[in-house]
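> One structure follows; several queries about it will come next.
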Amino acid sequence: MRFRWYQKVVVIVCLISTLTLPVLANEWNIYTPAVILMEPRTGRVLYERNMNERRYPASITKIMTAIIVIQESDLNEIVTISEEAINLLRPTYARADLQVGEELTVYQLLNLIMLVSANEAANALAIHVAGSIEAFAELMNARAREIGAYNTNFVNPSGVHHPYQHSTAYDLALIGRYAMRKRCF
C-alpha cells in the first residue's frame, strides 16, 4: 500500500498542531513539546521528541471515533440526534448546531466531525454505534490496544477535555497510520 505525500503531511501537521504548550525544538524550530515523524508504511520513527509523554489528545480523538464508526456501521444508516448527544456539551464547544430529533446519515455526521469538529455529531455517532458514550469509549480503548496504542485512554468520542482522556504522540501516530492503512480517510 502506498501513501501519497499529502497523507504523510496531514498526519504530521495534525500531530504537531494539536499538541500544545510551545517549546522550541533545536534543529527544526518546531514549537511543540511532543512530536513524532513516522514513516507510514513501515512505522519507523524518523524524528521524535517526548513521543511517549502523555498529553490530552483534544480533537485528534475524532480520528479514533471515525475509525470505530466506519468499521461498525453503514455510512447510509440514519442517526437521530438525541438530547443526550447535545446536552453533554457546554455551549462554547465546537458544534454544528444540530437539533434534537434531526436525522442525518452516518456519512453526513462523519463529515461534520472531521471537517467542522462538531462535538455533538461525535456524541450522536457514539450513541448510535454503542448505545452510550461510555460503551463507545470502551470500543475506542479496545481498538487502541489492538493497534498498539497502550498509553492511550479515551473517555469520550469528541476529545472534549477530561482528566482521564490522554494519549501520546507515538500512539496518535499509530492511530493515524492505522486509519490510513484501513482506508478510513
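The values are calculated or read from the model by the stated rules, or taken from the named source; none is laboratory data. Just so it is clear, the structure is predicted and the values come from calculations on it, not from any experiment. Cβ coordinates were reconstructed from backbone atoms using ideal geometry, including for glycine residues, and neighbour counts include every protein chain displayed.
> Could you list all residues from the range 151-185 that are touching a residue at least 60 places away in the same chain (Cβ under 8 Å) and part of a helix (DSSP H, G or I)?
Passing the criteria: ALA169, TYR170, LEU172, ALA173, LEU174, ILE175, GLY176, ARG177, TYR178, ALA179, MET180, ARG181.
> Here's another thing I want to ask about it. Does LEU104 count as under 21 Å from LEU88 (Cα atoms), hydrophobic (A, V, I, L, M, F, W, C), in contact with a strand residue (DSSP E or B) (Cβ under 7 Å, 6 or more places away or on another chain) and outside any loop (DSSP other than H, G, I, E, B)?
Criteria met by LEU104.
> May I ask you to list the residues in the range 30-72 that are part of a helix (DSSP H, G or I) and either polar (S, T, N, Q) or free of Cβ contacts under 8 Å to residues at least 12 places away in the same chain (or both)?
Listed by number, the residues that qualify are SER59, THR61, THR65, GLN71.
> From (1) of a type outside the set (Lys, Arg); (2) in contact with a strand residue (DSSP E or B) (Cβ under 8 Å, 6 or more places away or on another chain); (3) closer than 30 Å to TYR150 by Cα; (4) surrounded by 15 or more Cβ atoms within 10 Å (Cβ to Cβ), pick out the condition that doesn't hold for VAL79.
Looking at each condition in turn, VAL79 falls short on (3).
> Would you confirm whether or not the range 93-101 contains a residue that is assigned to a helix (DSSP H, G or I), within 14 Å of SER158 (Cα to Cα) and free of Cβ contacts under 8 Å to residues at least 60 places away in the same chain?
No; the residues of the range 93-101 include none that is assigned to a helix (DSSP H, G or I), within 14 Å of SER158 (Cα to Cα) and free of Cβ contacts under 8 Å to residues at least 60 places away in the same chain.
> So if I check each of ASN123, ASN141, which one is among the polar types (S, T, N, Q), buried (at least 23 other Cβ atoms within 10 Å of the Cβ) and either part of a helix (DSSP H, G or I) or modelled with pLDDT under 95 (or both)?
Sole residue among the options that is among the polar types (S, T, N, Q), buried (at least 23 other Cβ atoms within 10 Å of the Cβ) and either part of a helix (DSSP H, G or I) or modelled with pLDDT under 95 (or both): ASN123.
> Just to be sure, is GLU84 closer than 26 Å to ARG183 by Cα, among the charged types (D, E, K, R) and over 17 Å from the mean Cα position of the chain (by Cα)?
Answer is no for this residue.
> From the list ILE113, ILE86, pick out the single residue that is in a helix (DSSP H, G or I), touching an Asp or Glu at 6+ places or on another chain (Cβ under 9 Å) and either within 25 Å of TYR56 (Cβ to Cβ) or free of Cβ contacts under 8 Å to residues at least 24 places away in the same chain (or both).
One residue alone meets the criteria, ILE86.
> Moving to a separate point now. Go through the range 129-138 residue by residue and tally those that are farther than 22 Å from ARG90 by Cβ and part of a helix (DSSP H, G or I).
Residues in the range 129-138 being farther than 22 Å from ARG90 by Cβ and part of a helix (DSSP H, G or I): 4 in total.
> For the range 38-76, what are the residues that are of a type in the set (A, V, I, L, M), surrounded by 13 or more Cβ atoms within 10 Å (Cβ to Cβ) and under 20 Å from the mean Cα position of the chain (by Cα)? If you could, list the steps in order and put the result at the bottom.
Of all residues in the range 38-76, those of a type in the set (A, V, I, L, M) come to 38, 45-46, 51, 58, 60, 63-64, 66-70, 75.
Applying the additional criterion that residues be surrounded by 13 or more Cβ atoms within 10 Å (Cβ to Cβ) yields 38, 45, 51, 58, 60, 63-64, 66-70.
Residues satisfying the conditions are MET38, MET51, ALA58, ILE60, ILE63, MET64, ALA66, ILE67, ILE68, VAL69, ILE70.
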